[in-house]
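**Student:** Below is the structure I would like to discuss, written out as structure tokens.
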Amino acid sequence: MQETPSITAAEIARLAGVGRAAVSNWRKRHADFPDPVGGTAASPEFDLFQVEEWLRGQGKLSEVSRADRLWRYLATAKESPATALAGVGAYLLARQRGEQATRKQIDKRLVGLLPELDALADELGPQGAFDQLWQRFSAPGPGRPFATPDELADLMVGIAGIDGGSVLDPATGTGATLRAAVRAGCTSAYGQELDQDLAKLAGLWLALRDIPGEVRSGDSLRADAFPGQTVDAVVCHPPFGVTNWGFEELGYDPRWEYGAPPRTEPELAWVQHSLTHLRTGGHAVLLMPPTVAGRRAARRIRGHLLRGGALRAVIALPSGVAAPHGVPLHLWVLRRPGADEPAPARALLIDAAEGDHAELYGRVLSTWRTFAAAPEADLEEAGFARAVPVIELLDEEVDLTPGRRQTAVGGEASEEHLVRTRERLAAIVGDLPALMPQVTPEPDGATPPPTVSIAELARTGALQLIGPVRSTGSSDDESAGTMEGPLVLTGRDVATGVEASGRDDGRLGQPIPLAVGDVVVPTVAPNLMARVITSEGALLGRNLYLLRPNPAALDSWFLAGQLRTSGNEKQTSSLSGTLRYDIRRALVRRLPLEEQRVHGEAFRRLDAFESAVREAASLGPELVRLTADGLAGGALRPSHSSAPRSRKKA
């Protein structure tokens, strides 16, 4: 008898975007709710197909794409989503190679998915079908492994110079760096990962693209899966702060060419492991916690790495570039020196910890390439990058924190920046009273007008509801698109109030141009927000709703203002604890169009007021820092008006 996937009450709640209590109420109130097919009395399990059919019949589950439907089933697999996806990947690989794909390759509880899976493979090809499911697996979410973001992985690969060579990632994880290496044109890719399911998934991703190489499972430090093998580049995001990394067993390991790592410095074990696998002249790029650059316990090894010419650069990145780490991480750039090669006289330190990472990555890569082309030349960008003499770094602490080795920005530039910041802040503060919308209370006893849901407005034609756009993940070479594709409005842009900053990397499921008057709402955000589009030229980004009002029925600014209320935030948010919004549930007041426009103008002014307050909030600390630096460093002195007034004698 063919088995179908089963699902718990908690998983039903996640599927429908409600709380666990809602599922219990449905079971009590609806006689046609599916009966349990397994589990226990305390934790019953239900047939997933029956539950989905019931939810759809009740209007509690929207129609989704075939890939989303398949992922829902995989996400509820008994063992783990990774195990289920690995079975699906093996099935798709057999199909791509023309081999007889057997049902034994898939968990028996997922056999019922084969028609849907075959249909998706017919539509996109086996590789494209796996990519669609892989993208959903590697997206952030509860219980999911954290993946190195694609933009950061591309930067690491760009610094390593992988194009046309072989690459190794000894801590593969979900395979983000290997995927970046493939995008950059590597000829072969190897990896090792402690988690057997993740190793299998990364290997399947490579095999579906016919990339030579393999990903093996195991502990890279304790049991190197590629002993004696060297590659052109190593790119790695090792685990941070692991205490049980093999200190006792590996005390005399031959890989510790630059010194045995202390128990508290496992990251330096990964550094030397990576150097062992590099051919002479090859580069390794590792994502590291910032403390490794300055902790006293590791200063001896840092010194040996510098003297030997193995450590070539340390790059401080902005905070939050790789979840779940909120601190400004570092990139360490290493090079395997030749046996008789003289040690270089300089090492590059880049302080890119301040600013938006999307803007800084290109500058970091360009600066590194300039240094790599002429490592003995003077290179200095005040406050950002400096090619520091190694002899200067070999002091008592051997502190390689980039921010502590930079020259200060020139006094004239700082003064000019200070003046601009002060003038801009004064102008914004002066405009705030005029930006505040003038409002008056409604008279006591006034009857509030009726409301209508976004779903009903869409059904009656008052607006179009489009999206959210999903990621296809089917493009093999997306590195160029990241910098040169059409502009894309991202969720981050909406949240921070900036212009479209993303680029279409070829993985948007559908290019949807934005039009003036469109209202965009993120599906996931710290709070419900809405943005009115005021200029054309960008595409709708991932995980954004697009509401396109009929101007004869709805005013855009009125709609946006109605959406972002605290009441709608409660109405649309998931009750399962995640900050995810279903905008179809949002309620909008029914008002005549002329009255909507009056309210819309108030909402527009409120939006301008909010933008001004946000900018003032960012300029204030900057003004304080610039002024304090100037006063403390002697570049500025207090004016007479700043001096305290003397008190008159009585």
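Derivation of every value follows stated rules applied to the coordinates shown; laboratory data play no part. Everything numeric here is computed off the predicted structure, so don't read it as measured data. Ideal geometry is used to build each Cβ from the backbone, glycine not excepted, and the neighbour counts take in all protein chains shown.
**Student:** Using each residue's phi in segment 583-599, evaluate 6.51 cos²θ - 1.76 cosθ + 1.60 at θ = phi - 60° and report the 3J(HN,Hα) Karplus result to the nearest Hz, with x for Gly and Pro.
**Tutor:** Those phi angles translate into 5, 5, 7, 4, 10, 10, 5, 7, 9, x, 4, 5, 6, 4, 5, 5, 5 Hz.
**Student:** Still on this structure, please answer the following. Take Thr447 and Thr407, extend 7 Å from each Cα along the Cα→Cβ direction, and tell me the distance between the two endpoints in nm.
**Tutor:** Here the modelled spin labels are 7.6 nm apart.
**Student:** So which trypsin sites (Lys or Arg not before Pro) in segment 259-344 end up in coil per DSSP with only 15 or fewer other C-beta atoms within 10 Å? Mind dumping the intermediate values first?
**Tutor:** Numbers: sites: Arg263, Arg279, Arg295, Arg296, Arg299, Arg300, Arg302, Arg307, Arg312, Arg335; in loops: Arg263, Arg295.
Passing sites in segment 259-344 are Arg263.
**Student:** How high is the FRET efficiency between Gln50 and Val524 when r is their beta carbon distance and R₀ equals 30 Å, given to the nearest 0.05?
**Tutor:** Values: r = 29 Å, r/R0 = 0.96.
The pair Gln50/Val524 has a calculated efficiency of 0.55.
**Student:** Let me ask something else. Please label the shape of segment 267-393 as rounded, prolate or oblate, based on the square roots a ≥ b ≥ c of the eigenvalues of the alpha-carbon gyration tensor (a/c under 1.5 means rounded; beyond that, a/b larger than b/c means prolate, else oblate).
**Tutor:** Details: a/c = 1.62, a/b = 1.23, b/c = 1.32.
Since a/c reaches 1.5 but b/c is at least a/b, the shape of segment 267-393 is classed as oblate.
**Student:** Going by a ≥ b ≥ c, the root eigenvalues of the Cα gyration tensor, does segment 524-567 fall in the rounded group (a/c under 1.5), the prolate group (a/b larger than b/c) or the oblate group?
**Tutor:** Numbers: a/c = 2.13, a/b = 1.05, b/c = 2.04.
Oblate shape, in that a/c is at least 1.5 and b/c is the bigger or equal ratio.
**Student:** Determine the sum of side-chain charges near Pro115: Lys and Arg each +1, Asp and Glu each -1, restricted to other residues whose C-beta is under 11 angstrom from that of Pro115. Display every interim value, and only then the final one.
**Tutor:** On the way: positive: Arg66; negative: Glu116, Asp118, Asp122.
Net local charge, Pro115 excluded: -2.
**Student:** Next question, about the same structure. Restricting to Cα pairs below 8 Å that are 6+ residues apart, what does the relative contact order work out to for the chain? Please round to a whole percent.
**Tutor:** On the way: 1139 pairs, mean separation 58.1, N = 650.
Answer for the chain is 9 percent.
**Student:** If you don't mind, there's one more thing I want to ask. What's the extension gain from Ala434 to Glu615 if we count 0.36 nm per residue and subtract their Cα-Cα distance?
**Tutor:** Working: separation 181, 0.36 × 181 = 65.16 nm, distance 1.61 nm.
Going from the current span to full extension adds 63.6 nm.
**Student:** Right, here's the next one. Might you report the magnitude of the Cβ-based charge dipole of the chain about its Cα centre, with Lys and Arg at +1 and Asp and Glu at -1, to the nearest 20 debye?
**Tutor:** About 1620 debye.
**Student:** Another question, then. Given contacts defined as C-alpha pairs under 8 Å and at least six residues apart, what's the relative contact order of segment 150-404, whole-number percent? Intermediate results must be reported in sequence, preceding the final value.
**Tutor:** Details: 526 pairs, mean separation 40.7, N = 255.
Relative contact order comes out at 16 percent.
**Student:** Compute the length gained on full extension between Glu341 and Ala119: take 0.36 nm times their separation in residues and subtract their Cα-Cα distance, giving the result in nm to one decimal.
**Tutor:** 74.1 nm
**Student:** Taking the Cα centroid of segment 235-299 and of segment 300-351, what is the distance between the two, rounded to the nearest whole Å?
**Tutor:** About 12 Å separates the Cα centre of segment 235-299 from the one of segment 300-351.
**Student:** Please give the calculated 222 nm ellipticity per residue for the chain, where each DSSP H segment of at least 4 residues contributes -39500 (n - 2.57) and the sum is spread over every residue; nearest 500 deg cm²/dmol?
**Tutor:** Numbers: 20 runs with 251 residues, N = 650.
Calculated from helices alone, the mean residue ellipticity at 222 nm is -12000 deg cm²/dmol.
**Student:** Can I ask one more? Which of rounded, prolate, oblate describes the chain, given a ≥ b ≥ c as roots of the alpha-carbon gyration tensor eigenvalues and a/c under 1.5 marking rounded, otherwise prolate only if a/b is larger than b/c?
**Tutor:** Verdict is oblate for the chain.
**Student:** For segment 124-138, in order, what is each residue's ³J(HN,Hα) by Karplus, 6.51 cos²θ - 1.76 cosθ + 1.60 with θ = phi - 60°, in whole Hz (x at glycine and Pro)?
**Tutor:** Whole-Hz 3J(HN,Hα) from phi for segment 124-138: 10, x, x, 5, x, 5, 5, 4, 4, 6, 4, 4, 6, 5, 8.
**Student:** Quick one: longest stretch of the chain between exposed loop GluC sites (Glu not before Pro), exposed meaning at most 16 other C-beta atoms within 10 Å and loop per DSSP? Each step should come with its number before you reach the end.
**Tutor:** Numbers: sites that count: Glu3, Glu63, Glu79, Glu99, Glu248, Glu249, Glu257, Glu354, Glu376, Glu396, Glu397, Glu499, Glu536.
Longest gap between qualifying sites, sites excluded: 100-247.
**Student:** Return the FRET efficiency for the residue pair Ala552, Arg420: r is the Cβ-Cβ distance, R0 is 51 Å, and the value is rounded to the nearest 0.05.
**Tutor:** Numbers: r = 45 Å, r/R0 = 0.88.
Between Ala552 and Arg420 the formula returns 0.70.
**Student:** Among Gly630, Pro450, His330, whose Cα projects farthest towards the positive end of the dipole of the chain, with charges put on the beta-carbon of Lys, Arg (+1) and Asp, Glu (-1)?
**Tutor:** Highest projection toward the positive end goes to Pro450.
**Student:** In whole angstrom, note down how far apart the Cα centers of segment 187-233 and segment 27-49 are.
**Tutor:** About 42 Å separates the Cα centre of segment 187-233 from the one of segment 27-49.
**Student:** By count of other Cβ within 10 Å, fewest leading, how are Trp245, Trp205 ordered? Numbers along the way, then the final one.
**Tutor:** Details: Trp245 21, Trp205 24.
Lowest count first: Trp245, Trp205.
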